[in-house]
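Everything on this sheet refers to the single structure shown next.
The values are calculated or read from the model by the stated rules, or taken from the named source; none is laboratory data. This is a predicted model, so every value here is computed, not measured. Cβ placement follows ideal geometry from the backbone for every residue including glycine, while neighbour counts extend to all protein chains displayed.
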Amino acid sequence: MSAVEAVEVTKKYKGSLSYAIKNISLDIEPGRIFTLLGRNGAGKTTFVRICATQLLPTSGTVKIFDNDLIKDTEKIRNYISIVPQEGRPLRALTSWDHVYYWLRIRGVNKYESSIRAKKILQEFELYDVRNKLAMYLSGGMKQKILVAMAMATESKLLFLDEPTIGLDPVSRRQIWKAIKEKKDSGTTILLTTHYMDEAEVLSDDIVIIDKGVVISQGTLSDIRKNIKENIKIEISKSGVDGEVLKSYGTVVDTGTDILKLFTFESNIQELSAIAIKKNFFFKVSPITLDDVFVSMVGTEANNSGGYT
């Protein structure tokens with residue numbers, strides 16, 4: 001049984017000339033971290049909100065643990081929890097209030113709610129400010145409250161829509177640790193992020209969406225195969241013959257004074273000799289998910305209509 005089974009899911013908002021998402025079919029296995037990547041406006045959040053029962057699709061079907069999105073909405077809501085991209089804590093409530101009372105609303109008893117609230121607030125370094133109103137907390141702390149609320153429910157399926165946005169590096173890693181622990185306990189996670197390092201660290205499966213359609217999906221290894229070369233070289237643009245570089249692989253103009261060349265390890269020695277002879281900047285590194293993503297969706301502004 002799939003955690004999420006989406007078949008030909010399409011959403012077109014009233015009055016729009018374009019589709020927010022079109023014919024998206026995905027099968028998310030239980031107990032895995034499934035990451036949606038795409039530019040702003042690609043349709044990631046629209047898909048997440050449909051799966052989380054917040055939006056109705058224009059067409060197509062979605063099943064959550066074999067329950068139909070339309071017919072079994074209330075049952076599905078008992079299985080899921082979400083960190084919405086646009087979510088904000090209530091200014092006049094504390095971090096403790098948010099987590100504890102959210103658990104009570106979800107039907108958890110007083111004792112268990114207290115245990116879970118204390119545990120998650122300690123994990124996210126929010127326990128020492130548990131009695132401080134949200135209006136007096138930093139933006140990062142407010143974001144962590146939202147993640148804590150979702151994770152404390154111990155739901156079978158978590159929707160995390162850019163959960164680490166605005167967080168400092170230490171806080172991001174706290175969230176990463178919690179996400180991994182949730183996965184290890186059997187929770188299924190549907191994640192969206194603009195941080196490619198986050199996707200590389202966490203993802204079991206990745207889907208890249210552009211202009212509302214799926215353009216690539218698979219494991220991290222599968223996605224990386226969209227670039228056939230296995231090494232990235234950064235080299236000074238000034239004085240370099242671009243046509244000569246193309247004979248070694250794929251050249252990408254970054255818009256700066258540095259060119260990227262995707263090539264093979266066998267070419268490193270020859271290219272480094274050229275760079276040393278001409279005293280050029282030269283850097284060799286592995287090809288990252290960020291490189292693959294940009295190569296697939298391009299660098300132009302997204303004109304898909306502005307949906308998220």
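Side notes on the structure shown:
- Taking the range 97-137 as the range and being free of Cβ contacts under 8 Å to residues at least 24 places away in the same chain and in contact with a Phe, Trp or Tyr (Cβ under 7 Å, 6 or more places away or on another chain) as the test, the residues that pass are 113, 114, 118.
- Qualifying residues in the range 288-304 (those that are at pLDDT below 90 and in a loop (DSSP other than H, G, I, E, B)) - the one surrounded by the most Cβ atoms within 10 Å (Cβ to Cβ): 304
- Residue count for the range 102-122, restricted to those that are under 18 Å from residue 78 (Cβ atoms) and touching a Leu at 6+ places or on another chain (Cβ under 8 Å): 3
- Residues satisfying the criterion are present in the range 88-100 (criterion: at pLDDT below 95, crowded, with 21+ Cβ neighbours inside 10 Å and in contact with a His (Cβ under 7 Å, 6 or more places away or on another chain)).
- Picking from residues in the range 19-49 that are buried (at least 17 other Cβ atoms within 10 Å of the Cβ) and over 16 Å from the mean Cα position of the chain (by Cα), the one that is farthest from residue 202 (Cα to Cα) is 19.
- Annotation note: Cβ proximity below 9 Å between a residue of the range 271-282 that is in the same structural domain as residue 240 (by TED's automatic domain parsing) and a residue that is in a helix (DSSP H, G or I) and surrounded by 13 or more Cβ atoms within 10 Å (Cβ to Cβ) (sequence gap 6+ or interchain) occurs for 271/245; 280/274; 281/275; 282/271; 282/272; 282/274; 282/275.
- Which listed residue, of 171, 203, is surrounded by 16 or more Cβ atoms within 10 Å (Cβ to Cβ), modelled with pLDDT of 95 or more and of a type in the set (S, T, N, Q): 203
- Among the residues of the range 134-161, those identified as farther than 15 Å from residue 100 by Cβ and either over 25 Å from the mean Cα position of the chain (by Cα) or assigned to a loop (DSSP other than H, G, I, E, B) (or both) are 135, 136, 137, 138, 155, 156.
- Residue under evaluation residue 188, criteria (1) surrounded by fewer than 18 Cβ atoms within 10 Å (Cβ to Cβ); (2) of a type outside the set (Phe, Trp, Tyr); (3) closer than 22 Å to residue 51 by Cα, criterion not met: (1)
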